[in-house]
Amino acid sequence: MGLSGGIIGLPNAGKSTLFNALTNAGVQVADFPFCTVSPNVGMIPVPDPRLDKLAALIHPQRVTPATIEIVDVAGLIKGAHKGEGLGNEFLSRIRGVDVLIEVVRCFEEDIPHPEGSIDPVRDMEIIKLELFLSDLQIIDRRLTRLNKLLKSGVKKDERYTRVLLKIKEALEKGISPVNSLSSEEYQLVKDDGFLSLKPVIYVANTQEDVDSSTLVEKFREFVQREGLQGIEMCAQLEMELSELPVGEQQKFLEEMEIKERAINRLINEVFKKLNLITFFTLTGGKEVRAWAIEKGTSAVDAAGKVHSDMKRGFIRAEVISAEELIEIGSLKRARSEGKVKLEGKDYKVKDGDVIHFYFAV
């Protein structure tokens, strides 16, 4: 399975609305808690101006953007770590995602709030506490098991135990353990699904007019003070925009003097948090396609992303940067000018590479 992001937040914060805006999936949106009982899963197309420029150059039959998997799960409430509401399902589902997108309610509407009032800072603190307490429960269970193994004479992993104790100490102090771990220590626990170690992007779900909102001001002050990553948007507006044809979307943005959609900023931020880069393939002029891979991926593994046969029979890769190809104007001319390089299977793919793979069937 590829890398993915998970949308989290309290009930009625606008999680499903944001999911629809991201994926245009049309999932149910309602103003009562736990409308999203089963998780919604969709694929987000990643906006990339280089893909559009390559398409304008090649004039292909199809243009296919890179995608990221996104998951929208049931809302979390106070006590979720103990199974309150749909807490157990919520927490187990998001352990499998790689980055958390936390939707924070910053709009005043006649929609019930599980805490009876709207307070973005309190809501962020509730979710932080629930994630921390859930991780603490898991760590305590693992430490108990490791101690039993020690008493039975089975050698336990001392390094792993020390890292668990280090995370536990930070969580008990209400501190995020991310910055307290070395890269080596993080590698020991990175696949354990600890929620407190996942990168988080905070999305203030606002009304259309955010300038006069005291709720948004509270959000801004909190994320700035805590050094968090925050993005503001009206999820309802973004969802309505996503339902319009591309031409009408652009016309609306120009009329509103909006240079870039907030949803695009969010997608690009998720892309960065997942440590992804993009490479492009031009399939005989029929398709221009963008592919998302982790930074540091080799040419042979990138070939496997396109097709398993390409990885098995990999011979070499023909590589040129998208910017250079766009500037030159054609792949034929780029080859004649010696701008296209031949690389082996160990070549580390760079963001923006246009690659043609040679392989034996």
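Restricting to the stretch 330-355, give me the number of residues that are outside any strand (DSSP E or B) and surrounded by 11 or more Cβ atoms within 10 Å (Cβ to Cβ). Steps first, answer last, please.
Looking only at the stretch 330-355, we keep the residues that are outside any strand (DSSP E or B), and these are 330-340, 344-347, 349-352.
When the remaining residues are screened for being surrounded by 11 or more Cβ atoms within 10 Å (Cβ to Cβ), the result is 330-331, 333-336, 339-340, 344-345, 347, 349-352.
Total meeting the criteria: 15.
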Out of Val104, Val73, Val99, report the one residue that is at pLDDT below 90, β-branched (Val, Ile, Thr) and touching a Gly at 6+ places or on another chain (Cβ under 8 Å). Val73
Output the number of the condition that Asn264 fails; it satisfies all remaining conditions of (1) touching a residue at least 60 places away in the same chain (Cβ under 8 Å); (2) not assigned by TED's automatic domain parsing to the domain that holds Val71. (2)
Given Lys345, Lys350, Lys339, which one is touching a strand residue (DSSP E or B) at 6+ places or on another chain (Cβ under 9 Å) and under 22 Å from Ile68 (Cα atoms)? Lys350
Just to verify a result, which residue in the stretch 230-248, among those that are closer than 24 Å to Met124 by Cβ and in contact with a helix residue (DSSP H, G or I) (Cβ under 7 Å, 6 or more places away or on another chain), is surrounded by the most Cβ atoms within 10 Å (Cβ to Cβ)? Ala235
Is there any pair linking a residue in the stretch 274-286 that is over 26 Å from Ser4 (Cα atoms) to one that is among the β-branched types (Val, Ile, Thr) and modelled with pLDDT of 90 or more, with Cβ under 9 Å and at least six apart or on different chains, and which? Gly285/Ile58
Could you list, in sequence order, all residues of the stretch 156-196 that are without any contact (Cβ under 8 Å) to a residue 60 or more places away in the chain, part of a helix (DSSP H, G or I) and either touching a Lys or Arg at 6+ places or on another chain (Cβ under 7 Å) or of a type in the set (D, E, K, R) (or both)? Glu158, Arg159, Arg162, Leu164, Lys166, Lys168, Glu169, Glu172, Ser180, Glu184, Glu185, Leu188
Candidates Arg122, Arg142, filtered to the one that is surrounded by fewer than 19 Cβ atoms within 10 Å (Cβ to Cβ), assigned by TED's automatic domain parsing to the domain that holds Glu208 and in contact (Cβ under 8 Å) with a residue 12 or more places away in the chain: Arg142
Have a look at Thr297, Thr283 and point out the one that is modelled with pLDDT under 95 and hydroxyl-bearing (Ser, Thr, Tyr). Thr283
Residue satisfying all of: in the stretch 165-213; over 25 Å from Leu3 (Cβ atoms), at pLDDT 90 or above and out of contact with any Ser or Thr (no Cβ under 7 Å at 6 or more places or on another chain); surrounded by the most Cβ atoms within 10 Å (Cβ to Cβ) among these: Lys168
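The values are calculated or read from the model by the stated rules, or taken from the named source; none is laboratory data. Since the model is a prediction, treat every value here as computed from it, not as a measurement. Virtual Cβ from ideal backbone geometry, glycine too; neighbours counted across all protein chains shown.
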